[in-house]
Structure formats: C-alpha cells, structure tokens
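Chemist: Before anything else, here's the structure in question.
The numbers here are math on the coordinates, done by the rules we state, and not lab data. Predicted, not measured: the structure shown is a model, and the values here were computed from it. Ideal geometry is used to build each Cβ from the backbone, glycine not excepted, and the neighbour counts take in all protein chains shown.
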Amino acid sequence: MGLLAEILATRGTRQAHDLESMQRLLTRARRFGRFSRSLGGHYAERLWFTPWPTPMGPAAAEREARWLAETEPLKVPFAGRMLDGFTAGSGPAVLLIHGWGEHAARLGAYVRPLRAAGLRAVGVTMPAHGPAAAGTTNVYEMSRAIVAAAATAGGVDAIIAHSMGVTASALALRDGLACRALVALAVPTMRTEDAFTIFGKMLALPPRTAAGLRAAIERRFGPGTWEDVAAALGRNPGIPALVVHDHNDALVPLDDAQAVANAWAVPLHTTKELGHRHILRDPGVVDQVVTFISGALQSDSLAS
C-alpha cells in the first residue's frame, strides 16, 4: 500500500491500543517527521489522542475483580455506543472518573467505603479506554461522557476524579453539570502547553513532527484550546472541593497541584511515597475522601 493510500485508509479507523500498534505509530511519526511536518504530524496526532493503556499485572487484576464483585454492571449510552461501568449502593450518587489510559475499576477501592457511608458509587470507563479499547478520544469527549454518565445515574451529587479525569470533570462542570462536591486526586497541570512539550520530548519526536502535531490539534479544536482547557481546570468550581496530591508524583510536580488548589481557593492535601497511581487505593486517602464527601453533602442538605 502506498503512503498516501495508507494515510487515507487509516483516517477514521479505530486504532488498536496494543503496544505493537502504538510502537508502529511512533516509528512512523519519527521517520516521516524528519522531512514532512504534515506526515509526521498525522501519526503523532493519533498518538496524542490514543489513551495508552497503563500496564496491569495479575495482582492488580485480581484486586479490581474483588472490588467489582460488590457492584452491578452499568451501561451508559453515549454517541451511538455504550460505555461500560458499574454501580453499587444507594443514596446520593458519587461519580468515579479515571485518568488517561485507565478504566473505571481503578477507583474500585471506593466502592465499599462509599456504600458504608450511605452513598452510591457509580463508575464509568471513558471512550476509547478499557481492556478492549480501540480508537481515539480527547478531554472534551471525556467531559461529554461524564455528563452522559451523570444522566444515566439520574444525576450526580459528587465526583471523585483522577488526573486527566479532573480536567474532564472541570470542563463538564463549567458547561453546566450540576454537582455538590468535587475531589481531585493527582491533579493535572494547568500549563497545558507544557504537557505538549513533555509529550514531544518523552517520545523523541522530531521538530517537524511536533509542529505538525500542534497544528493538527489546533486545527481540530482551535488555536485557543490550550487556554480553554487551562481556564476550565483553573476555574473555581464554586462547590466544596478537596485536592490531594503526592510529593513523589513523577508526572505532575507538586507546584502545579498547588496552583490548582490555589485557583479553587482550597488547601492542598499532600501525601508521600504514593506517586501518581497508588494514591487511588491508599486506605488513608480513601477514608479522607469519603469523609470529606459525606460531610460536604450533609452540610449542603442541612443548608438547603
């Protein structure tokens, strides 16, 4: 197949997320980016919008299976397809939103504590995520999926979000999603253009490829997309909020998390030695989050 035919054939297809497929895209983004901004950018764009799955060993899979044993399956209609999720318990609904490359069960440690607190846990795997994932997505689509999940649940009272899920939740709240409390775990940076730079350096993309990628992103969402996403994340949600970040988070510096907490006018709660992902299932963090949500929802009910 010729190069042009290959590019045309791959437009609109649902890219597999296995390591071999991703490596093939990366190789092409590097190779063609040596001489062509548009060709390198074409493949880099697919890399940018494809959620690379986070590796999970047998112990993690077994742990998540135990968490989900206490739940019931949930299907969320979204954009002509169904998103997989779960629900457990009754009472005010708490939506669990995972990060980039993750899936709903990553927040399964919250299922039993939320139920014990008289709350309903609702998890949903975002578009193009999960064990059988294919295709691409973006933070705007994730925000719309959050709105769809909230509608399926009959409304949402609180959100617990991790990493990129925090940004998607912030966009959904900005666009009108009603919610009474928000928890942000391992918050992303408001310096969205830094994420673009880090992405290029991490994958060793040639300058032409990086330029082509930036042009492709701005062609899709407009040149102001960086400021738009940053403004949504930095917008004070106007509801009780809790921000928890680890000193040893290798993906997002503590100063960036502090900037988000400052923008939301709330204290930054920090942990140590948990990193970007273990913070999701640390018993101390889970207890802190559930206590915060229970208190926030109770106070709101009394005030109303």
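Chemist: What number, rounded to the nearest 500 deg cm²/dmol, is the helix-based mean residue ellipticity at 222 nm of the chain, given -39500 (n - 2.57) per DSSP H run of at least four residues and division by all its residues?
Modeler: Working: 12 runs with 144 residues, N = 304.
The helix-only estimate for the chain comes to -14500 deg cm²/dmol at 222 nm.
Chemist: A follow-up question, please. Return, for the Cα atoms of segment 100-157, the radius of gyration and Dmax in Å, separated by a comma.
Modeler: According to the Cα coordinates of segment 100-157, Rg and Dmax are 12.6, 37 Å.
Chemist: With charges set only on the Cβ (+1 for Lys and Arg, -1 for Asp and Glu), what does the dipole of segment 44-180 come to about its Cα centre, in debye to the nearest 20?
Modeler: Values: 12 positive and 10 negative charges, 35 e Å.
Dipole size: approximately 160 debye.
Chemist: A further question on this structure: Taking only the alpha-carbon atoms of the chain, what semi-axes of the equivalent ellipsoid follow from 5 times the gyration tensor eigenvalues under a square root, in whole Å, largest first?
Modeler: Computed over the chain, the values are 34, 21, 18 Å.
Chemist: If I model a spin label at residue 291 and residue 144 as a point 7 Å from the Cα along the Cα→Cβ vector, what separation in nanometres do I get?
Modeler: In this crude spin-label approximation the distance works out to 4.1 nm.
Chemist: Next question. Using only C-alpha positions, report the orientation-averaged shadow area of the convex hull of segment 161-304, nm², one decimal.
Modeler: Seen from a random direction, the Cα hull of segment 161-304 projects 9.3 nm² on average.
Chemist: Something else about it: To the nearest Å, what is the center-to-center distance of segment 111-152 and segment 185-217, using C-alpha atoms only?
Modeler: Cα centroid of segment 111-152 versus Cα centroid of segment 185-217: 25 Å apart.
Chemist: What is the list of residues in segment 240-261 whose amide nitrogen lies under 17 Å from a point 7 angstrom out from the Cα of residue 60, following Cα to Cβ?
Modeler: The answer is 249-252.
Chemist: Next question. For residue 248 and residue 227, calculate 0.36 nm times their separation in residues minus their Cα-Cα distance, and state this gained length in nm to one decimal.
Modeler: Here the segment from residue 248 to residue 227 would lengthen by 4.8 nm.
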